[in-house]
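Chemist: Sharing a structure, written as structure tokens. Questions coming.
The values are calculated or read from the model by the stated rules, or taken from the named source; none is laboratory data. What you are looking at is a predicted structure, and each value in this text was computed from that prediction instead of being measured. Every residue, glycine among them, receives a Cβ derived from its backbone with ideal geometry; neighbour counts consider all protein chains shown.
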């Protein structure tokens, strides 16, 4: 710790650390542990623990299907209404990360109910809990890109669209080779992508003009002989969802006429479920998926919960129960907001308490393992298999929180570094050395 504190890159920075005995929560080592820092994606630990505690590991998002007409001789003489719950796993073939096969299940359900033709329209069913889409204080430079996609009642393909580009020679402008047909009507009106040297980072970013369908793609991509995929954020995924649903039904042998019919008595015909919380939380923590995390945050809301000035009401309850020191601020579930503030002391204490819960092992299974999986696969190789931790990265912010196995047992830790200077790779390497030292605590 003393060597780490003397780093040139920490001059002018703020950082804090708490390491606790995982059995009794006693503090083993600490530095500014009760100060509140920007946690970046370490917020996902708080959201996923909250989900295990209050939703349960068997939780699944439910998409309900309702009709308002009679079903006779295979024909629905009415409308099909879809009631979404913010399921983040709905995807088309080839983009179905968790193999949710939502559309296959939907077609099977309708056919089991005797529906081979829909005379009316396919409509969204109004829900009480509003889905606000983009976080109110997310950065403009983030919301055009896949990691800044907002959540809605209906999500599809992780609310992403793709553009395929080619950069063959350093110094030349990259060329667009293909545009996504499922882009929600977005107009890619400006592309200014340079080709940088082979092996350099991908620095291509989408910029969306709010209130319009116009986006631009700027920055650089590394020189490569292969076409590269650049992922952007959909801002009207509900439109794409219904477009795909109609297409999938027709391909699956269910005719959709979309006639204007009078609405009759509504009744439910069943639902399609998402994969379980265990699978969703693994995507949250292993791959740091913002959309999946924000969907869980909404699922945790009680009927009267709203985004208030002090953050998420349900996360406030959880932070209070976990014993967070005063001054924390919870602005979202994923950590994308720069307004979030939590302390190493509070998060490490929550991690200790998680080990004493019935869901402790499923939660542990969602965390990346040093040198083996997720965002830790190529990190802390000197402690391979002995550290499970969630990373958190924003501009000049680097955090890691989780567990380390020592000769005397397990410790829970939280390290948060804000406003460091110098290259990210150098800072990460120094953080890695510090984390690897945790396994030698005795």
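Chemist: Kindly provide the set of residues from the stretch 201-219 that are at positive phi and exposed (fewer than 13 other Cβ atoms within 10 Å of the Cβ), ordered by number.
Modeler: From the stretch 201-219, those at positive phi are 211, 219; that's our starting set.
Within the stretch 201-219, 211 is the sole residue that qualifies.
Chemist: Now a separate question. For the stretch 220-246, give me each residue that is part of a strand (DSSP E or B) and surrounded by 17 or more Cβ atoms within 10 Å (Cβ to Cβ).
Modeler: Correct list: 220, 221, 222, 228, 230, 231, 232, 233.
Chemist: Further question: Could you tell me which numbered condition residue 55 fails, if it satisfies all but one of (1) surrounded by fewer than 16 Cβ atoms within 10 Å (Cβ to Cβ); (2) modelled with pLDDT under 95?
Modeler: Single failed check for residue 55: (1).
Chemist: Checking the conditions here, which among 433, 410, 428 is in a strand (DSSP E or B) and over 18 Å from residue 44 (Cβ atoms)? Spell out the reasoning first.
Modeler: Details: 433 fails: in a strand (DSSP E or B); 428 fails: in a strand (DSSP E or B).
Checking each option against the conditions leaves just 410.
Here's the yes/no breakdown for (1) in contact (Cβ under 8 Å) with a residue 40 or more places away in the chain; (2) crowded, with 21+ Cβ neighbours inside 10 Å; (3) in a loop (DSSP other than H, G, I, E, B); (4) touching a strand residue (DSSP E or B) at 6+ places or on another chain (Cβ under 7 Å):
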| position | (1), (2), (3), (4) |
| --- | --- |
| 98 | yes, no, yes, no |
| 106 | yes, yes, no, yes |
| 109 | yes, no, no, yes |
| 131 | yes, no, yes, yes |
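Chemist: Considering only residues that are more than 24 Å from residue 10 (Cα to Cα), assigned to a loop (DSSP other than H, G, I, E, B) and in contact (Cβ under 8 Å) with a residue 40 or more places away in the chain, look in the stretch 371-407 and name the one that is farthest from the chain's Cα centre (by Cα).
Modeler: Applying the filter and picking the extreme gives 386.
Chemist: Quick check: is even one residue across the stretch 9-26 in a helix (DSSP H, G or I) and on the phi < 0 side of the Ramachandran plot? Walk me through it before giving the result.
Modeler: The first filter runs over the stretch 9-26 and keeps only residues in a helix (DSSP H, G or I), leaving 9-10.
Those still in the list that are on the phi < 0 side of the Ramachandran plot too: 9-10.
Yes; the residues of the stretch 9-26 include at least one that is in a helix (DSSP H, G or I) and on the phi < 0 side of the Ramachandran plot.
Chemist: Against the condition modelled with pLDDT of 95 or more, buried (at least 17 other Cβ atoms within 10 Å of the Cβ) and touching a helix residue (DSSP H, G or I) at 6+ places or on another chain (Cβ under 7 Å), how does residue 118 come out, does it pass? So that I can check it myself, show each step before the final result.
Modeler: Details: modelled with pLDDT of 95 or more: yes; buried (at least 17 other Cβ atoms within 10 Å of the Cβ): yes; touching a helix residue (DSSP H, G or I) at 6+ places or on another chain (Cβ under 7 Å): no.
In short, no.
Chemist: Taking the stretch 140-176 as the search range and keeping residues that are over 19 Å from residue 187 (Cβ atoms) and surrounded by fewer than 15 Cβ atoms within 10 Å (Cβ to Cβ), which one is nearest to the chain's Cα centre (by Cα)?
Modeler: Checking each candidate, the answer is 141.
Chemist: Only one of 33, 8 is farther than 21 Å from residue 298 by Cβ, in the same structural domain as residue 284 (by TED's automatic domain parsing), touching a residue at least 40 places away in the same chain (Cβ under 8 Å) and out of contact with any strand residue (DSSP E or B) (no Cβ under 9 Å at 6 or more places or on another chain). Can you tell me which? Steps first, please.
Modeler: Numbers: 33 fails: out of contact with any strand residue (DSSP E or B) (no Cβ under 9 Å at 6 or more places or on another chain).
Only one candidate passes the filter, namely 8.
Chemist: Going by the structure shown, is residue 142 in contact (Cβ under 8 Å) with a residue 40 or more places away in the chain and either assigned by TED's automatic domain parsing to the domain that holds residue 262 or outside any loop (DSSP other than H, G, I, E, B) (or both)?
Modeler: On the way: in contact (Cβ under 8 Å) with a residue 40 or more places away in the chain: yes; either assigned by TED's automatic domain parsing to the domain that holds residue 262 or outside any loop (DSSP other than H, G, I, E, B) (or both): yes.
It is true that residue 142 is in contact (Cβ under 8 Å) with a residue 40 or more places away in the chain and either assigned by TED's automatic domain parsing to the domain that holds residue 262 or outside any loop (DSSP other than H, G, I, E, B) (or both).
Residues checked against (1) in contact with a helix residue (DSSP H, G or I) (Cβ under 8 Å, 6 or more places away or on another chain); (2) surrounded by fewer than 21 Cβ atoms within 10 Å (Cβ to Cβ):
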| residue | (1), (2) |
| --- | --- |
| 17 | yes, no |
| 25 | yes, yes |
| 73 | no, yes |
| 88 | yes, no |
| 92 | yes, yes |
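Chemist: Does residue 271 satisfy the criteria of being buried (at least 16 other Cβ atoms within 10 Å of the Cβ), within 30 Å of residue 213 (Cβ to Cβ) and touching a residue at least 12 places away in the same chain (Cβ under 8 Å)? Spell out how you get there, then give the answer.
Modeler: Working: buried (at least 16 other Cβ atoms within 10 Å of the Cβ): yes; within 30 Å of residue 213 (Cβ to Cβ): no; touching a residue at least 12 places away in the same chain (Cβ under 8 Å): yes.
Judged against the criteria, residue 271 is not a match.
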